[in-house]
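Engineer: Quick one: the structure is below, and I'll ask about it shortly.
The values are calculated or read from the model by the stated rules, or taken from the named source; none is laboratory data. All figures in this text were calculated on a predicted structure; none of them were measured in a lab. Cβ coordinates were reconstructed from backbone atoms using ideal geometry, including for glycine residues, and neighbour counts include every protein chain displayed. Areas reflect the complete protein model, heavy atoms only, side chains present, ligands, DNA and RNA absent. Shrake-Rupley method; radii C 1.70, N 1.55, O 1.52, S 1.80 Å.
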Amino acid sequence: MLETRRLLLRTFDPLDAADILEYTSQKQVAKDAGFMPCETLMQALFFGKMLQSKKHFVIELKEQQKVIGNIGLYEVPARPAGTCL
């Protein structure tokens, strides 16, 4: 778990499904993130369960106790100095 003054990055909880549906059902959000929009609570629950790993976190607004997104953290192999991506 990672915490800032306003945000909490934590593991998925099945109780997050309604919040996840709220942002994953938005067509532009889904398009920009590269997934198909969720249309049902069951789809959002399945989406959330895919986030259950050591590399994925939900992003919660602490004050509202509301999940507003998710993030995955991945290690990028080192590149020799002076090379472009």
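Engineer: Determine if the stretch 26-47 includes at least one residue that is of a type in the set (Asp, Glu), under 14 Å from Asn70 (Cα atoms) and in contact with an Asp or Glu (Cβ under 9 Å, 6 or more places away or on another chain).
Structural biologist: Looking for residues that are of a type in the set (Asp, Glu), under 14 Å from Asn70 (Cα atoms) and in contact with an Asp or Glu (Cβ under 9 Å, 6 or more places away or on another chain), one finds none in the stretch 26-47, hence no.
Engineer: Taking only the stretch 48-61 into account, find how many residues are open to solvent by 60 Å² or more (accessible area, probe 1.4 Å) and at pLDDT 95 or above.
Structural biologist: Summing the residues that are open to solvent by 60 Å² or more (accessible area, probe 1.4 Å) and at pLDDT 95 or above in the stretch 48-61 gives 0.
Engineer: Under 8 Å between Cβ atoms, which residue pairs at least 6 apart in sequence (or on different chains) link something in the stretch 44-58 that is without any contact (Cβ under 8 Å) to a residue 40 or more places away in the chain with a partner that is part of a loop (DSSP other than H, G, I, E, B) and surrounded by fewer than 12 Cβ atoms within 10 Å (Cβ to Cβ)?
Structural biologist: Lys55/Leu73; Lys55/Tyr74
Engineer: Taking interchain pairs and intrachain pairs at least six residues apart, which have beta carbon atoms under 6 angstrom, with the first residue in the stretch 1-13 and closer than 7 Å to Phe57 by Cα and β-branched (Val, Ile, Thr) and the second outside any loop (DSSP other than H, G, I, E, B) and open to solvent by 40 Å² or more (accessible area, probe 1.4 Å)?
Structural biologist: Pairs found: none.
Engineer: Another one. Inside the stretch 28-47, can you point out the residues that are open to solvent by 70 Å² or more (accessible area, probe 1.4 Å) and among the polar types (S, T, N, Q)?
Structural biologist: Gln28, Gln43 - these are the residues of the stretch 28-47 that are open to solvent by 70 Å² or more (accessible area, probe 1.4 Å) and among the polar types (S, T, N, Q).
Engineer: On to the next question. If a residue must be under 12 Å from the mean Cα position of the chain (by Cα) and at pLDDT 95 or above, how many such residues does the stretch 24-43 contain?
Structural biologist: Qualifying residue count, the stretch 24-43: 1.
Engineer: In the stretch 10-27, how many residues are open to solvent by 90 Å² or more (accessible area, probe 1.4 Å) and aliphatic (A, V, I, L, M)?
Structural biologist: The number of residues fulfilling the criteria is 1.
Engineer: In this structure, does Gln65 turn out to be open to solvent by 70 Å² or more (accessible area, probe 1.4 Å) and either touching a residue at least 12 places away in the same chain (Cβ under 8 Å) or over 21 Å from Leu2 (Cβ atoms) (or both)?
Structural biologist: no
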